[in-house]
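**Q** Here it is: the structure, laid out below.
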Amino acid sequence: AQSVTQLDSHVSVSEGTPVLLRCNYSSSYSPSLFWYVQHPNKGLQLLLKYTSAATLVKGINGFEAEFKKSETSFHLTKPSAHMSDAAEYFCVVSAAADRGSTLGRLYFGRGTQLTVWP
Amino acid sequence: NAGVTQTPKFRVLKTGQSMTLLCAQDMNHEYMYWYRQDPGMGLRLIHYSVGEGTTAKGEVPDGYNVSRLKKQNFLLGLESAAPSQTSVYFCASKGLWAYEQYFGPGTRLTVT
């Protein structure tokens, strides 16, 4: 079974300070992991993905995440927050054992709301 | 290239009314999905389709029906709307050999 736990429902940072959004996963298969971002009243946009290649994954807008199998974690980081980063972030897991099957289903965490103070 | 589009963007229904939400994608993707998003719950899968003419139940299918008559379209139907179906509905699509899904902008549905 696949599941995701986002450890913080809300994170607040000041503009220019680092961002850390924490995510732990559980997966019966070799997982694929994603971070999606949702700005207010918008759809979901893919930030980055891990698919069993390099464990440090770089995404858009300066975000990156590191896959740590021993800790079953996939935390999202950014060195310096910007006001435009304020949004809700979702950590997502998919069973990647068979990309061409229904195992491509996504399992979402409950989301972390990021607030950025000026 | 429009990606994934959803119609309508907003809708208000009375209890017991029916409606259909339309999802269209122009990326020639095999897989399509319907999710609902509720506060503090993330996204939950309602139904999905692995190809034209095929559909399957997801995590929360009760009260919904779907159809995939054309590869590019995936319809979500509510036969008798209930207040518990007040939510934001997202459609997504995925290519056969891809990992990631691409999402539409959402439909905000209120059932009174």
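**Q** Being of a type in the set (S, T, N, Q), surrounded by fewer than 21 Cβ atoms within 10 Å (Cβ to Cβ) and assigned to a loop (DSSP other than H, G, I, E, B) is the filter here, so list the residues in the range B:97-112 that pass it.
**A** Initially, the range B:97-112 is screened for residues of a type in the set (S, T, N, Q), giving B:101, B:107, B:110, B:112.
Filter again for surrounded by fewer than 21 Cβ atoms within 10 Å (Cβ to Cβ), leaving B:110, B:112.
If the condition is that a residue be of a type in the set (S, T, N, Q), surrounded by fewer than 21 Cβ atoms within 10 Å (Cβ to Cβ) and assigned to a loop (DSSP other than H, G, I, E, B), then B:THR112 is the only one that fits.
**Q** Here is a follow-up. For B:TYR89, which of the numbered conditions (1) modelled with pLDDT under 95; (2) out of contact with any helix residue (DSSP H, G or I) (no Cβ under 7 Å at 6 or more places or on another chain); (3) surrounded by 19 or more Cβ atoms within 10 Å (Cβ to Cβ) fails to hold?
**A** For B:TYR89, the failing item is (1).
**Q** Another question about this same structure. Considering every residue within the range B:71-92, establish whether at least one is assigned to a loop (DSSP other than H, G, I, E, B), within 14 Å of another protein chain (Cβ to nearest Cβ) and either closer than 14 Å to B:PHE103 by Cβ or in contact with a Leu (Cβ under 6 Å, 6 or more places away or on another chain) (or both).
**A** Keep residues of the range B:71-92 that are assigned to a loop (DSSP other than H, G, I, E, B), which gives B:71-72, B:79-82, B:86.
When the remaining residues are screened for being within 14 Å of another protein chain (Cβ to nearest Cβ), the result is none.
No; the residues of the range B:71-92 include none that is assigned to a loop (DSSP other than H, G, I, E, B), within 14 Å of another protein chain (Cβ to nearest Cβ) and either closer than 14 Å to B:PHE103 by Cβ or in contact with a Leu (Cβ under 6 Å, 6 or more places away or on another chain) (or both).
**Q** Out of B:GLY51, B:GLY63, report the one residue that is more than 24 Å from A:VAL37 (Cα to Cα) and surrounded by 14 or more Cβ atoms within 10 Å (Cβ to Cβ). Steps first, answer last, please.
**A** Values: B:GLY51 fails: surrounded by 14 or more Cβ atoms within 10 Å (Cβ to Cβ).
After ruling out the rest, the residue left standing is B:GLY63.
**Q** Please count how many residues of the range A:19-69 are out of contact with any strand residue (DSSP E or B) (no Cβ under 7 Å at 6 or more places or on another chain), of a type in the set (Gly, Ala, Ser) and free of Cβ contacts under 8 Å to residues at least 24 places away in the same chain.
**A** Result for the range A:19-69: 2.
**Q** Would you confirm, using the coordinates I've provided, whether B:LEU45 is closer than 24 Å to A:GLN6 by Cβ, surrounded by 19 or more Cβ atoms within 10 Å (Cβ to Cβ) and within 10 Å of the chain's Cα centre (by Cα)? First the steps, then the outcome.
**A** On the way: closer than 24 Å to A:GLN6 by Cβ: yes; surrounded by 19 or more Cβ atoms within 10 Å (Cβ to Cβ): yes; within 10 Å of the chain's Cα centre (by Cα): yes.
Judged against the criteria, B:LEU45 is a match.
**Q** Just one of (1) open to solvent by 20 Å² or more (accessible area, probe 1.4 Å); (2) in a strand (DSSP E or B) trips up A:PHE90, so point out which.
**A** It is condition (1) that A:PHE90 fails.
The values are calculated or read from the model by the stated rules, or taken from the named source; none is laboratory data. Everything quoted here is computed from the prediction, not taken from an experiment. With ideal geometry, Cβ positions are generated from the backbone for all residues, glycine too; neighbour counts draw on all protein chains shown. Remember, those area values only see protein heavy atoms, side chains included, never the ligands or the DNA or RNA. Shrake-Rupley method; radii C 1.70, N 1.55, O 1.52, S 1.80 Å.
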